[in-house]
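Visitor: Attaching a single structure in structure tokens format; questions to follow.
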Amino acid sequence: MLRSGTYLLGSKPPAAPPWHPGRVWALDPDNSRDLIDRLRPHGRNRTFEVAEVGEGWRPLVEECHERLEAAFPEYELLYIKQKYGVLEYQAFPRRWAKGQGQWTTQEHDSLETITSQIRERSGNICEWCGAAGQLRDWRELELTLCDACDQRFPDPPYTVYGLLGSLCRGASWPPSGGRSPGVAR
């Protein structure tokens, strides 16, 4: 059974901790219901289902949400993901509406300050376990990992989302040559 990034096709949910070599997961309703329920009202169209980052960055996601919500109670969440090895939390100070005045430069700068501080901190925290980490920019898929997770996970890790897209296009599993389908640099 495929669940929003938490485990692979045909497998049972993994025992804690929710990872092992070859699997990358996301924060989703299966493993992070409370967090997703708090984020969802801020999502575009009041929907939000998956923060596409590992468990190690959960505290950063929670902190960013709390800080943004305190500064901008009606902020609009576009996405949360890993980009170039750091946490990317993209949001607007309030819901965007075509043809309406949006937000001031000061509001934009304040929001950017919060998200930039979180992004910068994520560059020193292992995305998967939360230990002290460093950017592994020599990997095919740039990730911020601790030494143990860097050794534990293949390069690149297989993503459920990339796998799903490839399987839907008729690719076979496992991928040949150790490459993750759908993941490009």
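Visitor: Among the residues in the range 9-29, are any over 13 Å from residue 115 (Cα atoms), modelled with pLDDT of 90 or more and either among the aliphatic types (A, V, I, L, M) or within 13 Å of the chain's Cα centre (by Cα) (or both)?
Guide: Within the range 9-29 (the criterion being over 13 Å from residue 115 (Cα atoms), modelled with pLDDT of 90 or more and either among the aliphatic types (A, V, I, L, M) or within 13 Å of the chain's Cα centre (by Cα) (or both)), the answer is yes, since at least one residue qualifies.
Visitor: Kindly provide the set of residues from the range 66-93 that are in contact with a Phe, Trp or Tyr (Cβ under 8 Å, 6 or more places away or on another chain) and part of a helix (DSSP H, G or I), ordered by number.
Guide: The answer is 68, 69.
Visitor: Can you tell me which residue is nearest to residue 90 (Cα to Cα) among those in the range 116-152 that are without any contact (Cβ under 8 Å) to a residue 40 or more places away in the chain and charged (D, E, K, R)?
Guide: So the residue we want is 119.
Visitor: Here is a further query. Give the number of residues within the range 30-55 that are in a helix (DSSP H, G or I) and either over 20 Å from residue 121 (Cα atoms) or modelled with pLDDT of 95 or more (or both).
Guide: Looking only at that region, the number is 13.
Visitor: Of everything in the range 32-58, what is among the hydroxyl-bearing types (Ser, Thr, Tyr) and more than 13 Å from the chain's Cα centre (by Cα)? Give them in sequence order.
Guide: Across the range 32-58, the qualifying residue is only 47.
Visitor: Would you tally the residues in the range 48-100 being closer than 28 Å to residue 140 by Cα and aliphatic (A, V, I, L, M)?
Guide: 10
Visitor: Shifting gears a bit: Answer yes or no as to whether residue 97 is free of Cβ contacts under 8 Å to residues at least 40 places away in the same chain, small (Gly, Ala, Ser) and buried (at least 19 other Cβ atoms within 10 Å of the Cβ).
Guide: Considered against the rule, which asks whether it is free of Cβ contacts under 8 Å to residues at least 40 places away in the same chain, small (Gly, Ala, Ser) and buried (at least 19 other Cβ atoms within 10 Å of the Cβ), residue 97 comes out as no.
Visitor: Quick check on residue 131: is it out of contact with any strand residue (DSSP E or B) (no Cβ under 7 Å at 6 or more places or on another chain) and closer than 14 Å to residue 54 by Cα?
Guide: yes
The values are calculated or read from the model by the stated rules, or taken from the named source; none is laboratory data. Remember, predicted model here, so these are calculated numbers, not experimental data. Virtual Cβ from ideal backbone geometry, glycine too; neighbours counted across all protein chains shown.
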